[in-house]
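What follows is one structure encoded as structure tokens, with my remarks underneath.
The values are calculated or read from the model by the stated rules, or taken from the named source; none is laboratory data. Just so it is clear, the structure is predicted and the values come from calculations on it, not from any experiment. Neighbour counts are summed over all protein chains in view; Cβ atoms, including those assigned to glycine, are modelled from backbone coordinates with ideal geometry.
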Amino acid sequence: MSRIGKKPVAMPAGVTATTEGKTLTVKGPKGSLTMPLMDDLVAYAIEDGQISVTPLAQAQRNRAAWGMQRTNVQNLVTGVTEGFTKVLEITGVGYRANAQGKTLKLQLGYSHDVNYAIPDGIDVKTPDTTTVEITGIDRQQVGQVAAEIRRWRKPEPYKGKGIKYRGEFIFRKEGKKK
């Protein structure tokens, strides 16, 4: 029994949800998001300002999809009301970032600068040269952009140099001993 799946997703004021065919569309103050429905495994019900997800059968596949689909619906509602943010921190001498329009210019110790094209629907800010804030309404897209930027220079375990998520713990190794 899914503990997450049992809870209905509450829709705040100003958020509307509709199902058309095999897609769920959620509209809110920040925009609208769509999601394909798994209507062969779970049923979706929109009533009284709530969206509830229930499995169609007690088969293992249905129960596995139940909690995940409920979480995906919750992410749509949260995205169109509040949005999502990931913060990256850059550590290293000479490592810096600068957002210029729709490109993020990264200096990460390579012989050339890395120019990352920011996709539509994502906003990237650099409050200072060692912090990158990625915001958007689609949780998956925000996480994907953060992972692609981080992939240019992952944190290394000896000095901790590289790009890491805010709050991420980097396991540090001891260096050579004399």
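Can you find, within region 18-47, the residue that is surrounded by the fewest Cβ atoms within 10 Å (Cβ to Cβ) among those that are under 26 Å from ALA59 (Cα atoms) and in contact (Cβ under 8 Å) with a residue 40 or more places away in the chain?
The qualifying residue surrounded by the fewest Cβ atoms within 10 Å (Cβ to Cβ) is MET35.
What number of residues within region 148-166 satisfy the criterion of being of a type in the set (A, V, I, L, M) and part of a helix (DSSP H, G or I)?
Taking region 148-166 and keeping what is of a type in the set (A, V, I, L, M), we get 149, 163.
Now drop any that are not part of a helix (DSSP H, G or I), which leaves 149.
Residues meeting the conditions: 1.
Return the total of residues in region 1-17 being under 23 Å from the mean Cα position of the chain (by Cα) and surrounded by fewer than 16 Cβ atoms within 10 Å (Cβ to Cβ).
Number of matching residues: 7.
Among THR71, THR34, THR103, which is the only one that is under 24 Å from ARG166 (Cα atoms), not charged (D, E, K, R) and not assigned by TED's automatic domain parsing to the domain that holds ARG151?
THR71
Quick one: count up the residues across region 18-41 that are more than 19 Å from the chain's Cα centre (by Cα) and assigned to a loop (DSSP other than H, G, I, E, B).
Final tally of qualifying residues: 7.
Hey, among the residues in region 1-40 that are under 22 Å from GLN140 (Cα atoms) and either aromatic (Phe, Trp, Tyr) or in contact with a Phe, Trp or Tyr (Cβ under 8 Å, 6 or more places away or on another chain) (or both), which one's modelled with the lowest pLDDT?
Result: GLY5.
If I filter region 117-127 for residues that are of a type in the set (D, E, K, R), in contact (Cβ under 8 Å) with a residue 40 or more places away in the chain and under 17 Å from LYS164 (Cα atoms), do I get at least one hit?
Within region 117-127, none of the residues are of a type in the set (D, E, K, R), in contact (Cβ under 8 Å) with a residue 40 or more places away in the chain and under 17 Å from LYS164 (Cα atoms).
Against the condition surrounded by fewer than 19 Cβ atoms within 10 Å (Cβ to Cβ) and either assigned to a helix (DSSP H, G or I) or in the same structural domain as PRO119 (by TED's automatic domain parsing) (or both), how does GLY94 come out, does it pass?
Numbers: surrounded by fewer than 19 Cβ atoms within 10 Å (Cβ to Cβ): yes; either assigned to a helix (DSSP H, G or I) or in the same structural domain as PRO119 (by TED's automatic domain parsing) (or both): yes.
So GLY94 fits the description; yes.
Could you list, in sequence order, the residues of region 115-147 that are closer than 24 Å to GLY31 by Cα, outside any strand (DSSP E or B) and in contact with a strand residue (DSSP E or B) (Cβ under 8 Å, 6 or more places away or on another chain)?
Applying the first criterion (closer than 24 Å to GLY31 by Cα) to region 115-147 yields 117-126, 132-147.
Subsequent filtering for residues that are outside any strand (DSSP E or B) retains 118-121, 126, 137-147.
Across region 115-147, the qualifying residues are ILE118, GLY121, THR126, ILE137, ASP138, ARG139, GLN141, VAL142, GLY143, VAL145, ALA146.
With respect to LYS125, determine if the residue is surrounded by fewer than 17 Cβ atoms within 10 Å (Cβ to Cβ) and over 30 Å from MET11 (Cα atoms).
On the way: surrounded by fewer than 17 Cβ atoms within 10 Å (Cβ to Cβ): yes; over 30 Å from MET11 (Cα atoms): no.
Here the answer is no, as LYS125 does not meet what is asked.
Could you tell me which of the residues LEU76, LEU108, LEU56 is over 21 Å from the mean Cα position of the chain (by Cα), surrounded by 14 or more Cβ atoms within 10 Å (Cβ to Cβ), assigned by TED's automatic domain parsing to the domain that holds ASP40 and not polar (S, T, N, Q)?
Numbers: LEU76 fails: over 21 Å from the mean Cα position of the chain (by Cα); LEU108 fails: assigned by TED's automatic domain parsing to the domain that holds ASP40.
Going through LEU76, LEU108, LEU56 in turn, just one is over 21 Å from the mean Cα position of the chain (by Cα), surrounded by 14 or more Cβ atoms within 10 Å (Cβ to Cβ), assigned by TED's automatic domain parsing to the domain that holds ASP40 and not polar (S, T, N, Q): LEU56.
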